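**Q** Encoded as structure tokens, here's the structure I'll be asking about.
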Amino acid sequence: MKKDRNPWNMLSDEMVETVLAQLPTLDFCRCRFVCKRWSAIINSPTFQTTSHQIFDRRPWFLIFNKQPASVSVYDMEICDWRAHLKLPLPTEIRKTPFIPVVSSGGLMCFQSIANSYVVCNPFTGSVRSLPRFRLSKKFRGGWIAMHVPQGSNSYKLFVVCGMWPDMVMKVFSSAEKRATWKSLSLGLLTEEHGSWSIWDRGVTVTGKEQQILAYYLTLDGNLVCIDTEKCTIAIYSKLLEGDNFFKMDLVECGGRVFVVVLMETDGASVTMKRTLHVWEFDTESAAWKQTSAMPANMSKDYYNNEALITCSGHGEHIMICVNSINGVTSFNHVVIYNIKENTWIDLSPRFGDYNADVTVLLPHSFKPDIKACV
């Protein structure tokens, strides 16, 4: 009888599971194709629990580069770029281009110029086209937020259209048997603020009563909170005065709401003192508090330059892209802020400086999950 020299066959399924669960997500997913035994172990109900217990599962950040069109993948589990990795993203469907607009959990949502939406799992490539909804011309825009409850296989999308008081919110829930958009009547405002509109994508958190709260920034820089259960709106004080909507962006991390701002430090009134600041909105006291500021030696290129801030957050990490829009030099900077450790990492050498047509880098984050359902 020929002796089996494969050392893996001498290990029990439990031992093999422990070994595979210590690999980064991309690596153990590739291991599914090694043999039937490994595939069965990785797809077993206990593997996900074991892998989260013995390995720090972290998100991936995707940076979409408009010019030239490309996608870069930064894996927080290995703290490095996944070079040459091509994800199955729905950037074009039936010759119609789609762009990423929002992400949550293990899912991302893409939108076409005709306001069609698709939801995808960027890790597996599964895609779902959502039904379209029609609105009258007065309801312009379509600022979206996405909510994926932790440990859930369902998700909700919230799209706000129009300018207050002519404003409507459309809601899509994957848990509903009938795939359709429902309208929320946003008829109650805690205080009168005149006419206002939302200008960027939103974020969602779970409230004290387990309701979904959708946060957006207005063109004036105010923070808007929409209670999607009570259909009420609260508008909080702005963080910066003036037209600063290009210099700030809204993110959600671990159920907390943050704003990243490019602003002067120590009360300086000139751009020679600019750096990135992270502020948290305390939902209980309805007040802003500063969390951190990027070291000044990392922000020298921001001096005498106007810039567009784009951000994405997940867990304890925020990726920030600073894109120059005019000024002395042209640049694109990418940094990651660790909320828990209060540290900043510069990833800019990946992209370098652009002296011709300035590109715009757009970050999105998701947690790779083969079981995230669209």
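**Q** Do we find a residue being over 22 Å from LYS273 (Cβ atoms) and either under 19 Å from the mean Cα position of the chain (by Cα) or surrounded by fewer than 18 Cβ atoms within 10 Å (Cβ to Cβ) (or both) anywhere in the range 325-338?
**A** Scanning the range 325-338, I find at least one residue that is over 22 Å from LYS273 (Cβ atoms) and either under 19 Å from the mean Cα position of the chain (by Cα) or surrounded by fewer than 18 Cβ atoms within 10 Å (Cβ to Cβ) (or both), so the answer is yes.
**Q** Could I ask something else about it? Could you please give the count of residues in the range 253-272 that are at pLDDT 85 or above and open to solvent by 50 Å² or more (accessible area, probe 1.4 Å)?
**A** Applying the first criterion (at pLDDT 85 or above) to the range 253-272 yields 253-262.
Filter once more, so that each one left must be open to solvent by 50 Å² or more (accessible area, probe 1.4 Å): 254, 256.
Matching residues across the range 253-272 total 2.
**Q** Return the total of residues in the range 228-239 being within 23 Å of PHE172 (Cβ to Cβ) and surrounded by fewer than 19 Cβ atoms within 10 Å (Cβ to Cβ).
**A** Number of matching residues: 4.
**Q** What helices (runs of 4 or more DSSP H) completely inside the range 1-114 contain at least 2 residues that are open to solvent by less than 90 Å² (accessible area, probe 1.4 Å) and free of Cβ contacts under 8 Å to residues at least 24 places away in the same chain?
**A** 25-30, 36-42
**Q** Being of a type in the set (Gly, Ala, Ser), open to solvent by 20 Å² or more (accessible area, probe 1.4 Å) and out of contact with any strand residue (DSSP E or B) (no Cβ under 8 Å at 6 or more places or on another chain), is that true of even one residue in the range 152-162?
**A** Yes, that holds for at least one residue.
**Q** Here's a follow-up. With the requirement that a residue be exposed (fewer than 12 other Cβ atoms within 10 Å of the Cβ) and modelled with pLDDT of 80 or more, what does the range 126-151 give you?
**A** PRO131, ARG132, GLN150, listed by residue number.
The values are calculated or read from the model by the stated rules, or taken from the named source; none is laboratory data. Nothing here was measured: the structure is a model prediction, and the numbers come from that model. Counting neighbours? That spans all protein chains shown, and the Cβs are built from the backbone with ideal geometry, glycine included. SASA here: full protein model, heavy atoms, side chains in, ligands and nucleic acids out. Shrake-Rupley method; radii C 1.70, N 1.55, O 1.52, S 1.80 Å.
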